[in-house]
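Engineer: Mind looking over this structure? Questions follow.
The values are calculated or read from the model by the stated rules, or taken from the named source; none is laboratory data. A quick note: this is a predicted structure, and the numbers were derived from the prediction, not measured. A quick note on method: Cβ atoms are made from the backbone with ideal geometry, for glycine too, and the neighbour counts reach across all protein chains shown. With ligands, DNA and RNA removed, areas are computed over all heavy atoms of the protein, side chains included. Shrake-Rupley method; radii C 1.70, N 1.55, O 1.52, S 1.80 Å.
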Amino acid sequence: MAMGRSSRLLWLSLAVAWIGSSGCGPTPAANSPVPGSAGTAPPVASPFDVDIPQTSSSELPQLSVDDCPQLRDVHQAAGIDFVYLNGQSDQALMVESIGGGAGWLDYDGDGRLDLLLCQGGDPTATDLASAPVDQLYRNQGQGTFAPVTSPARLVEPQYSQGVAIGDFDNDGFDDIYVTNVGRNSLFQNQGDGTFVELSATAGVDDPRWSSSAAWADLDQDGDLDLYVANYCDYDPRQPIECRDRQGKLRICHPRDVPPAADECYVNQGDGTFLASAQRLGLYGPGNRALGVAVADFTGDGLPDIYVANDTTENFLFVNEGGGQSFRESATLLGCAVDHRGHRQASMGLAVGDFDDNGFLDIYSTHYYEESNTLYRNLGPRGFEDVTGIMGLHNPTYALLGFGTVLADLNQDGHDELFVTNGHIDPLEKVYAMRPQLFTLRGDQWAECGSLSGPIFEQPLVGRGVAAGDYDDDGDLDLAVVHQNQPAALLRNESRRGHWLKLRLIGTTSNRRCVGAHVTVRGQDRQRVQQLCGGTSFASSHEPALIFGLGANADPVSLTVTWPSGRAQTLDNVAVDQAVLLVEP
């Protein structure tokens, strides 16, 4: 640790007296205006700037088009005609604020990525016969999709929030878990292009308001378990009323309603799951979870769970061995709050090793007037909040972030951060907000803005983001869900460096290889990635690892540590190709 445990705990006890938060919602007293207009205003200074080391604009790298990934929205040409309907009404229902997830999967086993988009509707409806349903789009190749929801027998008319894609029965076909306001749904892939809903039979029909979910092999027994992030105890059919100082109805602040505890379902290997959160120690005080990421954050080879909570401290559940016991350690390891000791309204999560030190870092998106937070993973010393000193505080301070991705989108050897933004209350002065893309140059992140495409100048109400190589050209494309506006399909058209794409199939490990750890070495540099469970917000990425190698055209060596713990090294692997690896 960077400081002794007693010193750290003393500092934290002193910090409790001045901990504050904005929350995913307006303050209980009144709605406060957004300082400036997203996309046009200059960077907004935080009232706490005196406490935060900041990078001045003159110190930020000057970018050109060649430095920035090029992302173009092609949803219309691709045939994806989808709008997430949040049911916005004069009742100002709390559930209208956060829904809209996306997930990449290969539902029919043809080797092409298909796309599932969650749908909302009217959260007060009791008769769902005419309710809008989640939509499944089949990838037809040649960059086009066709809706196949009905022939796939995928009937999900509930008020959906997000999706987690996994293969819980290890049969090689992707299964779908949908989080709802109300009972969640598990769709088992039958292998013939159709699904069967069996959440009640499987025991995973959580009745609470769920947001994100993550598949991962927590007990390392070779099959996928399921962590479900729950938010608040709130019934849209019998809602509590929240009002501003003028007496007008407003979206409730999270503190206005009781929290809903998360759940963890352990796969029993026979098609059923056992609710085990309390038994495993996967709980904490007052959690209101919106995001979850499962990965080895401590470097011991075991899957840990990081939970993004709204207005309360985030959780890091450290695996104490065998997945039979977890200890909540976010405060001890420095990733529960920001470096001032402030709780934040956390929504989405991105995970990656941006500084190439071999440990997985965490990027968390937050409410406006808080800024997003980048936690650098220092290994045994825990995490360090490096947001301000790396140029990421001011650019995100006036925006409200949800889905996020950390990856080398143009494969030049430097990572990028994509964030989709949008307020939760349509009565706010600035509701729709432009998305953002940052690129890492040296020790500073710089915003690309319009250099990366017109989408970054458009005011949108963004929620879920899912990354996947749908056109099979070796780079990541992005599906982005917007509330009450068309979902975007951002095709990656970047000028690229060299690259290597890895798809993994487990035999002893879970077949989808969630938890696999890969190190690629070449030209005196090594890069690390892990196939994480969850991440982003309410969405699922393609289960593949894509490494950007920049100018390195020479063969590389790679080491795969499979989820089972077995390590495998391959030398002289040619670059600029997709490689399928099957666990020995």
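Engineer: What pairs come up if the first residue lies in region 259-283 and is open to solvent by 10 Å² or more (accessible area, probe 1.4 Å), the second is basic (K, R) and in a loop (DSSP other than H, G, I, E, B), and their beta carbons are under 7 Å apart, counting only those six or more places apart or on different chains?
Structural biologist: Partner pairs satisfying both residue conditions: P259/R288.
Engineer: Keeping to region 511-530, report how many residues are surrounded by fewer than 21 Cβ atoms within 10 Å (Cβ to Cβ), in contact (Cβ under 8 Å) with a residue 12 or more places away in the chain and not polar (S, T, N, Q).
Structural biologist: 3
Engineer: Still on this structure, please answer the following. For R376, all conditions in the list (1) crowded, with 24+ Cβ neighbours inside 10 Å; (2) part of a strand (DSSP E or B) hold save one; what is the number of the exception?
Structural biologist: Unmet for R376, out of (1) crowded, with 24+ Cβ neighbours inside 10 Å; (2) part of a strand (DSSP E or B): (1).
Engineer: Check whether at least one residue in region 461-475 is open to solvent by 10 Å² or more (accessible area, probe 1.4 Å), within 21 Å of M347 (Cβ to Cβ) and either aliphatic (A, V, I, L, M) or in contact (Cβ under 8 Å) with a residue 24 or more places away in the chain (or both), and report yes or no.
Structural biologist: no
Engineer: Then there is this: Test of understanding: among T561, T535, which residue is open to solvent by 20 Å² or more (accessible area, probe 1.4 Å) and in contact with a strand residue (DSSP E or B) (Cβ under 8 Å, 6 or more places away or on another chain)?
Structural biologist: Exactly one of T561, T535 is open to solvent by 20 Å² or more (accessible area, probe 1.4 Å) and in contact with a strand residue (DSSP E or B) (Cβ under 8 Å, 6 or more places away or on another chain), namely T561.
Engineer: When only residues in region 150-164 that are closer than 23 Å to V228 by Cβ and over 23 Å from the mean Cα position of the chain (by Cα) count, which is surrounded by the fewest Cβ atoms within 10 Å (Cβ to Cβ)?
Structural biologist: Among them, the one singled out is V155.
Engineer: Which condition number does A129 fail, the rest of (1) out of contact with any Ser or Thr (no Cβ under 9 Å at 6 or more places or on another chain); (2) buried (at least 16 other Cβ atoms within 10 Å of the Cβ); (3) part of a loop (DSSP other than H, G, I, E, B) being met?
Structural biologist: Going through (1) out of contact with any Ser or Thr (no Cβ under 9 Å at 6 or more places or on another chain); (2) buried (at least 16 other Cβ atoms within 10 Å of the Cβ); (3) part of a loop (DSSP other than H, G, I, E, B) one by one, A129 breaks only (2).
Engineer: Quick test of your reading of the structure: D408 fulfils all but one of (1) surrounded by fewer than 24 Cβ atoms within 10 Å (Cβ to Cβ); (2) among the acidic types (D, E); (3) at pLDDT 95 or above. Name the failing condition by number.
Structural biologist: Here D408 clears every test but (1).
Engineer: For region 294-317, enumerate the residues that are within 19 Å of the chain's Cα centre (by Cα) and free of Cβ contacts under 8 Å to residues at least 40 places away in the same chain.
Structural biologist: D304, N309, E313, F315, L316, F317
Engineer: Also, I was wondering about something else. In this structure, does L226 turn out to be buried (at least 18 other Cβ atoms within 10 Å of the Cβ) and within 21 Å of the chain's Cα centre (by Cα)?
Structural biologist: So L226 fits the description; yes.
Engineer: Shifting gears a bit: Can you tell me how many residues within region 539-558 are open to solvent by 30 Å² or more (accessible area, probe 1.4 Å) and touching a Gly at 6+ places or on another chain (Cβ under 7 Å)?
Structural biologist: 3
Engineer: Could you list, in sequence order, all residues of region 344-373 that are outside any loop (DSSP other than H, G, I, E, B) and closer than 21 Å to I546 by Cβ?
Structural biologist: Matches in region 344-373: G348, L349, A350, V351, G352, D361, I362, Y363.
Engineer: Consider region 190-215. How many of its residues are in contact with a Leu (Cβ under 8 Å, 6 or more places away or on another chain) and closer than 13 Å to F273 by Cβ?
Structural biologist: Qualifying residue count for the region: 8.
Engineer: Follow-up. Of the conditions (1) out of contact with any helix residue (DSSP H, G or I) (no Cβ under 7 Å at 6 or more places or on another chain); (2) under 27 Å from S89 (Cα atoms), A488 fails just one. Which one is it?
Structural biologist: Here A488 clears every test but (1).
Engineer: Which of the residues spanning region 288-311 are surrounded by 24 or more Cβ atoms within 10 Å (Cβ to Cβ) and among the polar types (S, T, N, Q)?
Structural biologist: N309
Engineer: If you don't mind, another one. Can you tell me which residue is surrounded by the fewest Cβ atoms within 10 Å (Cβ to Cβ) among those in region 190-210 that are assigned to a loop (DSSP other than H, G, I, E, B) and touching a helix residue (DSSP H, G or I) at 6+ places or on another chain (Cβ under 9 Å)?
Structural biologist: D205
Engineer: Can we say V351 is open to solvent by 20 Å² or more (accessible area, probe 1.4 Å), closer than 18 Å to A213 by Cα and either acidic (D, E) or modelled with pLDDT of 95 or more (or both)?
Structural biologist: Here the answer is yes, as V351 does meet what is asked.
Engineer: For region 518-542, which residues satisfy the criterion of being of a type in the set (V, I, T) and more than 21 Å from G464 (Cα to Cα)?
Structural biologist: Result: V518, T519, V520, V528.
Engineer: Check region 137-149 and report whether any residue there is open to solvent by 10 Å² or more (accessible area, probe 1.4 Å), closer than 29 Å to C264 by Cβ and basic (K, R).
Structural biologist: no
Engineer: Now, a different point. Being over 25 Å from V405 (Cα atoms), surrounded by fewer than 14 Cβ atoms within 10 Å (Cβ to Cβ) and not β-branched (V, I, T) is the filter here, so list the residues in region 571-584 that pass it.
Structural biologist: D571, N572, A574, P584
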